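Nothing in this text is a laboratory measurement; each read-out follows from the coordinates by a stated rule. Predicted model, so just to flag it, every value in this text is computed and none were measured. With ideal geometry, Cβ positions are generated from the backbone for all residues, glycine too; neighbour counts draw on all protein chains shown.
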Amino acid sequence: MDREFLIDLFADFGPVAIRKMFSGYGVSADGINFALALRAGLFFRADEVTIPDFEAEGSKPFQYSTRAKTVLVNSYWELPARLFDDSEELAQWARAALAAAQRAKVKKRPKGKKASKPTKKAVPKKRSAKKAAKKMVL
């Protein structure tokens, strides 16, 4: 998939930003990444709300292999192939993926800066009388 194809694909959804990412492209709207276009296919952001829709279509989560293992990325699921021919429904799925990405962003948002504990000033250690006397003699 190239940039022009992706721009056309998301035309019914609205304007998207497409940038190089991994071995493909990241697709974002409103500054939030919600899709990955990779050699393996097009993957949309998913969460507990949208995963059942992907499962009903027989889709699988994104996965990749390292030398040691296969990593399953449950937050991105493959877009059902039939949606490439239905731009209106693809736009609905894209909106749901953007909503999932927004929900994930809210979950990750820090609760606020924690009050730090007051730091102790470095206080020089007291030397024993023997060590102090030894230092004076040398």
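Between Val73 and Lys107, the contour length at 0.36 nm per residue exceeds the alpha carbon distance by 10.5 nm.
Taken one residue at a time, the phi angles of the range 55-70 give Karplus couplings (6.51, -1.76, 1.60, θ = phi - 60°) of 4, 4, 8, x, 6, 10, x, 5, 8, 9, 10, 10, 5, 9, 7, 9 Hz. Gly and Pro are set to x. For Gln63, the residues whose amide H sits under 5 Å from its own are Val73, ignoring neighbours fewer than 5 places away on the same chain, with H placed 1.01 Å from N. Spacing of the modelled spin labels on Ala17 and Ile32, each 7 Å from Cα toward Cβ, amounts to 1.4 nm. Under 5 Å from the amide H of Ala46 lie the amide H atoms of Tyr76, Trp77, each residue being 5 or more positions distant or on a separate chain, with H modelled from the backbone and absent for Pro and chain starts.
For Glu88 and Val49, what does the FRET efficiency come to when R0 = 22 Å and r is the distance between their Cβ atoms, rounded to the nearest 0.05? Write out the running numbers ahead of the final one.
Values: r = 21 Å, r/R0 = 0.94.
After rounding to 0.05, the efficiency reads 0.60.
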